[in-house]
1. Checking G39 against (1) touching a His at 6+ places or on another chain (Cβ under 6 Å); (2) in a loop (DSSP other than H, G, I, E, B), which test does it fail?
2. Looking only at the stretch 11-36, how many residues end up being hydrophobic (A, V, I, L, M, F, W, C) and part of a strand (DSSP E or B)?
3. Starting from residues that are of a type in the set (D, E, K, R) and within 20 Å of V73 (Cβ to Cβ), keep the ones in the stretch 1-39 and report whichever is surrounded by the fewest Cβ atoms within 10 Å (Cβ to Cβ).
4. Is there a residue being within 13 Å of L9 (Cα to Cα) and of a type outside the set (V, I, T) anywhere in the stretch 30-43?
5. Of the residues in the stretch 80-100, how many are more than 9 Å from the chain's Cα centre (by Cα), at pLDDT 85 or above, surrounded by fewer than 18 Cβ atoms within 10 Å (Cβ to Cβ) and closer than 21 Å to D19 by Cα?
6. Can you name the number of the only condition in (1) loosely packed, with under 11 Cβ neighbours inside 10 Å; (2) small (G, A, S); (3) more than 20 Å from T97 (Cβ to Cβ) that A42 fails?
7. Filter the stretch 64-79 down to the residues that are within 11 Å of the chain's Cα centre (by Cα) and surrounded by fewer than 18 Cβ atoms within 10 Å (Cβ to Cβ) and list them by number.
Amino acid sequence: MQTEPCHALVINAPEAFADPAFQAWLTNGKPKFTWWQSGPIAEYADVVVLVDPSLTGEGSDSDMPAHIWDKIVEECRRLFGARTTLYPPHHIMVRLTNLA
């Protein structure tokens, strides 16, 4: 088994989970890294998205509503710096939580 550290953060974003465009993205049937399975979007609907380590705005879920994705990338830039690369060069894992 090989292990490596990675960059990660948690953003509590109940306003995103309340956004109809975000809800449509979360429930569109495409695979996501989430606890949500079906039904109403509730407190335990956390979703993990991956932001490219280049911090240019690319990532596994950059197809979510732009106004939310841009805030996620902005927060990654703020916390990890506007570097061209991070070490280790893995995607930044961002867990969005839905806690009021």
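The values are calculated or read from the model by the stated rules, or taken from the named source; none is laboratory data. Small disclaimer: the values here were computed from a predicted structure and weren't measured. Note: ideal-geometry Cβ built from the backbone for every residue, glycine included; neighbour counts use all protein chains shown.
1. (1)
2. In the first step, residues of the stretch 11-36 are kept if they are hydrophobic (A, V, I, L, M, F, W, C); the result is 11, 13, 16-18, 21-22, 24-26, 33, 35-36.
Adding the requirement that they be part of a strand (DSSP E or B) leaves 11, 33.
Of the residues in that region, 2 qualify.
3. Quick first cut of the stretch 1-39, residues of a type in the set (D, E, K, R) only: 4, 15, 19, 30, 32.
Subsequent filtering for residues that are within 20 Å of V73 (Cβ to Cβ) retains 15, 19, 30, 32.
On the way: E15: 11, D19: 17, K30: 9, K32: 17.
Looking at residues that are of a type in the set (D, E, K, R) and within 20 Å of V73 (Cβ to Cβ), I get K30.
4. Looking for residues that are within 13 Å of L9 (Cα to Cα) and of a type outside the set (V, I, T), one finds none in the stretch 30-43, hence no.
5. Let us first name the residues in the stretch 80-100 that are more than 9 Å from the chain's Cα centre (by Cα), namely 80-91, 97-100.
From what's left, at pLDDT 85 or above: 80, 91, 97-99.
Still in the running and surrounded by fewer than 18 Cβ atoms within 10 Å (Cβ to Cβ): 80, 97, 99.
Imposing the further condition that a residue be closer than 21 Å to D19 by Cα reduces the set to 97, 99.
Qualifying residue count, the stretch 80-100: 2.
6. Every condition holds for A42 apart from (3).
7. Of the stretch 64-79, the ones within 11 Å of the chain's Cα centre (by Cα) are 64, 68-73, 75-76.
Once the filter is applied, which keeps residues that are within 11 Å of the chain's Cα centre (by Cα) and surrounded by fewer than 18 Cβ atoms within 10 Å (Cβ to Cβ), the stretch 64-79 yields D70, K71, E75.
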